[in-house]
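Rule-based calculations on the coordinates, nothing more; no lab input. As the structure is a computational prediction, the values presented were derived from the model and not from experiment. Cβ sites come from the backbone with ideal geometry, for glycine too, and all protein chains shown count toward neighbours.
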Amino acid sequence: MKKTEMINEMVRLQILQNKRHRGFINDAKSTKAIKKMMNKFYHQASEGGIIESYWHRGKLQAIFLIFEEKDSSLGKTEHKIYTAENPKSKKSWNWIKSNFKKYSNSYGKDTTFWLHGQDKPKLLFFEKIGFNIEALIQMGVPSVGLSKLERAYRPKDNFEEFGLICDSIKTKGEVDEVMKIYKSYFTRNPQYCSFATNPGQLKSMREELTEAKRSGDSHVYIIKDKKRKVLGMFSMSIGTDPFFGKRAGMEFVFSKTLIGKGFSKVAYKILLKKMIKEDVRYYFGGTSQPAVIKLGKLMERWPLGFFLSYGEGFFPRSHFF
């Protein structure tokens, strides 16, 4: 089997998977991005990993790869599993399941897998063989989210109405305060992000905040009280995705003073309005927090996918639904 033929068939299968997603842009640009990703995965699996493939009448029906990949946020190497299959073929799914079982002795706590949102019924199988959901990846439309949020909660337009100050990051001291709140929260609540306090992730977070301070990024806000004490931060990052177009992600870092008092809804309103103004098509975010999952349902966000890891997790499958 020539590598070129294998890669082209992997691209075809991945496109079939992606076409199930609402808003997926199936064009030359997204195909090029998928091909780059398939080349990377195949190369990594070829370097001491595992490659299994199922063919029928000269067409690839399913692929199963295991490979190592260094994750800078974790500061260590992960073992990743990648699969793709013909969505209309039960034989392909059965073949995928047999490979998950076949290589189960090689899985460890560093083994991770991405499952498409449309494959939610398959979560029971993964639970039975020892995988857990670390995060639900939600996707939504800014205008729909804002409409549903305003109708249900009527959040205030700004934080000033609560006697608080909302501003951009201006000093290193403010960066330090946000980092303290961030680290403190996830030290108390590792179940909501198992890698948040890893050195690599903390370093990346600090670099992002420092760059926001330097550039005066208008997408990053800090919340302060009247004495100018930092109480939290919320932000969004906007980029162009070859699969979904212009998209945004959000980050919330709140101290105990702000948590559970409805302030996140004010932050959502501010960010969603900004997204609409900047013509963002979709917004995405991974979470395991009950309040965020509940609010996501209200705002008509849907599951883009599930981030799975091997071993005992913090939550049962029912937690995410």
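Judged by the ratio a/c of the largest to the smallest principal axis of the C-alpha gyration tensor, the chain counts as prolate, that ratio being 1.5 or greater while a/b is larger than b/c.
Work from the charge dipole of the chain (Cβ charges, +1 for Lys and Arg, -1 for Asp and Glu, about the Cα centre) and give the residue of Gly48, Pro142, Phe126 farthest towards its positive end. Farthest along the dipole direction, towards plus: Pro142. Our estimate of slack between Glu5 and Lys277, defined as 0.36 nm per intervening residue step minus the Cα-Cα distance, is 93.5 nm. For Asn26 and Arg188, the difference between the fully extended length at 0.36 nm per residue and the C-alpha to C-alpha distance is 54.1 nm. Our coupling estimate for segment 262-276, obtained by passing each phi through the Karplus curve with A = 6.51, B = -1.76, C = 1.60 and θ = phi - 60°, is x, 5, 5, 5, 5, 5, 4, 4, 4, 5, 5, 4, 5, 4, 4 Hz, Gly and Pro reported as x. Computed per residue of the chain from DSSP H runs no shorter than four, each worth -39500 (n - 2.57), the mean residue ellipticity at 222 nm is -12500 deg cm²/dmol. Its Cα centre serving as origin, the chain has a Cβ charge dipole (Lys and Arg +1, Asp and Glu -1) of approximately 700 debye.
To check you understand DSSP bridge types, tell me what percent of the beta bridges within segment 140-303 (both residues inside) are antiparallel, rounded to 5. Percent antiparallel among DSSP bridges in segment 140-303 is about 85.
Summarising the strand pairing of the chain, around 90 percent of its internal DSSP beta bridges are antiparallel.
Each residue of segment 236-249 is assigned a 3J(HN,Hα), and the resulting list reads 9, 10, 10, x, 9, 9, x, 8, 10, x, 6, 9, 9, x Hz, derived from the Karplus form 6.51 cos²θ - 1.76 cosθ + 1.60 (θ = phi - 60°), x at Gly and Pro. All other residues whose Cβ lies under 13 angstrom from that of Arg281 are scored, Lys and Arg at +1 and Asp and Glu at -1, for a net of 0.
Legend: calculated FRET efficiency, Tyr103 to Val144, from the Cβ-Cβ distance at R0 = 35 Å, rounded to 0.05, equals 0.30. If you take all other residues with their beta carbon under 13 Å from the beta carbon of Lys213, and give Lys and Arg +1 and Asp and Glu -1, the sum is -4. Between Ile15, Ile34, Ile129, the Gaussian network model of the chain with springs among Cα atoms under 10 angstrom shows the greatest mean-square fluctuation at Ile129. Note on segment 58-210: Kirkwood radius taken over Cα pairs, Stokes-Einstein applied at 4 °C and 1.567 mPa s, translational D equal to 66 µm² s⁻¹.
For segment 44-126, the Cα-based Rg and Dmax, in that order, read 13.5, 43 Å.
Note on Glu211 and Lys294: the extension gain reaches 26.6 nm, defined as 0.36 nm multiplied by sequence separation minus the Cα-Cα distance.
The angle between the Cα long axis of helix 142-153 and the longest principal axis of the Cα atoms of the chain comes to about 50 degrees, rounded to the nearest 10.
Positive end of the dipole of segment 140-303 (Cβ unit charges, origin at the Cα centre): among Leu202, Gly285, Ser184, the Cα lying farthest that way belongs to Ser184. Rg then Dmax, both in Å and based on the Cα atoms of segment 179-321: 15.8, 46.
If you model segment 1-86 as an ellipsoid using its alpha carbon gyration tensor, with each semi-axis the square root of five times an eigenvalue, the axes come out at 22, 18, 11 Å, biggest first.
Shape class for segment 126-200, computed from the alpha carbon gyration tensor (a ≥ b ≥ c): oblate, with a/c not under 1.5 and a/b at or below b/c.
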